[in-house]
Amino acid sequence: MTTSTLSGKTAIVTGGASGIGAACSETLAGAGAAVLITDIDDRLGKETVERIAKAGGKAHYLHHDVRDEGTWSGVIAEAEKRFGRLDIMVANAGIGIMAPIATMTLADWQRQQAINLDGVFLSIKHAIPALKKVGGGSIVLMSSVAGLRGAPGLAAYSATKGGVRLLAKSVALEHAADNIRCNSVHPGIIATPIWEKIPTGAEGNRRNAPIDPRERAAVAVPLVRVGEAQDIANGVLFLCTDAASYITGQELVIDGGLTAGGKASRRD
């Protein structure tokens, strides 16, 4: 359903071509925002724009590596030139590399840090001047439940996502007077393509071992179902609207109860 909740506003969604990013792009566009989608997957990015246009929304795709600071000024300028302003930054781009910390290579550590943390830092840094121009806005950083608690095999990933969580809080404090809100979103087990792409094992003995998120959710999630990308996009939309105008520096956990405590007991 298309609404006008964000009518007249412009959003940038990094990693917006697939999974949670695509759901965020389509949901924000459906609420009336013009969306600049950035990603490195050109085919999926263009397909997402086509779906948005077919539904009556406004969107444009831009090839973009979030690690490259030299390209960021052009990304912001493209949003302002094409849509007139910038109101929302959704820093969603990220990767997951699963490996024990004792065998993880420095190259893998640094690559994951560069995308998951440096890329988020650059998203914020370069969005702030544009948000100030329009009197404020919303920055949403995609973290994870792995940014709230540790997990074996995910130490490096958790380090990036925990960093994103506290980065959101500090940015919120630094820019509250500018009417710029910054919050983090923490998905639990969500059915997205990333589960099929997570590299596991040490370099030289690496493989992509597809993980079935539905099986994991059935065992670990109190609501006994996997989350969908739309569940996360709904939360992102809320944080971008005036309904969340008094919320900043907070974590929005969307995990079916996964981090609430132990596994829920079953009734016969």
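Could you figure out which of (1) within 21 Å of Asp118 (Cβ to Cβ); (2) touching a residue at least 60 places away in the same chain (Cβ under 8 Å) isn't true of Ala23?
(1)
When you scan the stretch 97-113, how many residues do you find that are open to solvent by less than 20 Å² (accessible area, probe 1.4 Å) and within 24 Å of Ser170 (Cβ to Cβ)?
First, pick out the residues of the stretch 97-113 that are open to solvent by less than 20 Å² (accessible area, probe 1.4 Å): 97, 99, 108, 112.
Applying the additional criterion that residues be within 24 Å of Ser170 (Cβ to Cβ) yields 112.
Residues that pass the stated criteria total 1.
Only residues in the stretch 150-176 that are farther than 10 Å from Gly249 by Cα and of a type in the set (Lys, Arg) count as the first member; pair them with residues that are open to solvent by less than 20 Å² (accessible area, probe 1.4 Å) and outside any helix (DSSP H, G or I), Cβ under 6 angstrom, at least 6 apart or cross-chain, and list the lot.
Matching pairs, first to second residue: Lys161/Ser143; Lys161/Ser144.
Going residue by residue through the stretch 70-91, is there one that turns out to be surrounded by 19 or more Cβ atoms within 10 Å (Cβ to Cβ), touching a residue at least 12 places away in the same chain (Cβ under 8 Å) and hydroxyl-bearing (Ser, Thr, Tyr)?
Checked the stretch 70-91: no residue is surrounded by 19 or more Cβ atoms within 10 Å (Cβ to Cβ), touching a residue at least 12 places away in the same chain (Cβ under 8 Å) and hydroxyl-bearing (Ser, Thr, Tyr).
Hey, among the residues in the stretch 217-265 that are among the small types (Gly, Ala, Ser), modelled with pLDDT of 95 or more and in a loop (DSSP other than H, G, I, E, B), which one's nearest to the chain's Cα centre (by Cα)? First the steps, then the outcome.
Of the residues in the stretch 217-265, the ones among the small types (Gly, Ala, Ser) are 217-218, 220, 227, 229, 233, 235, 243-245, 249, 256-257, 260-262, 264-265.
Imposing the further condition that a residue be modelled with pLDDT of 95 or more reduces the set to 229, 233, 235, 243-245, 249.
If we keep only those that are in a loop (DSSP other than H, G, I, E, B) too, we end up with 245, 249.
Working: Ser245: 20, Gly249: 16 Å.
Ranking the qualifying residues of the stretch 217-265, first place goes to Gly249.
Within the stretch 140-170, can you find the residues that are among the hydrophobic types (A, V, I, L, M, F, W, C) and either part of a strand (DSSP E or B) or open to solvent by 10 Å² or more (accessible area, probe 1.4 Å) (or both)? Break it down into steps so the answer makes sense when it comes.
As a first pass, look at the stretch 140-170 and keep what is among the hydrophobic types (A, V, I, L, M, F, W, C): 140-142, 145-146, 148, 151, 154-156, 159, 164, 166-168.
Of everything in the stretch 140-170, those that are among the hydrophobic types (A, V, I, L, M, F, W, C) and either part of a strand (DSSP E or B) or open to solvent by 10 Å² or more (accessible area, probe 1.4 Å) (or both) turn out to be Val140, Leu141, Met142, Val145, Ala146, Leu148, Ala151, Leu154, Ala155, Ala159, Leu166, Leu167.
So Ala102 clears everything in (1) in a loop (DSSP other than H, G, I, E, B); (2) out of contact with any strand residue (DSSP E or B) (no Cβ under 9 Å at 6 or more places or on another chain); (3) under 27 Å from Arg43 (Cβ atoms) except one condition, right? Which one?
Failing condition for Ala102: (3).
The values are calculated or read from the model by the stated rules, or taken from the named source; none is laboratory data. Just so it is clear, the model here is predicted, and its values are computed rather than measured. Note that each Cβ is placed from the backbone with ideal geometry, even for glycine, and that neighbours are counted across all protein chains shown. Note: areas computed on protein heavy atoms with side chains; ligands, DNA, RNA excluded. Shrake-Rupley method; radii C 1.70, N 1.55, O 1.52, S 1.80 Å.
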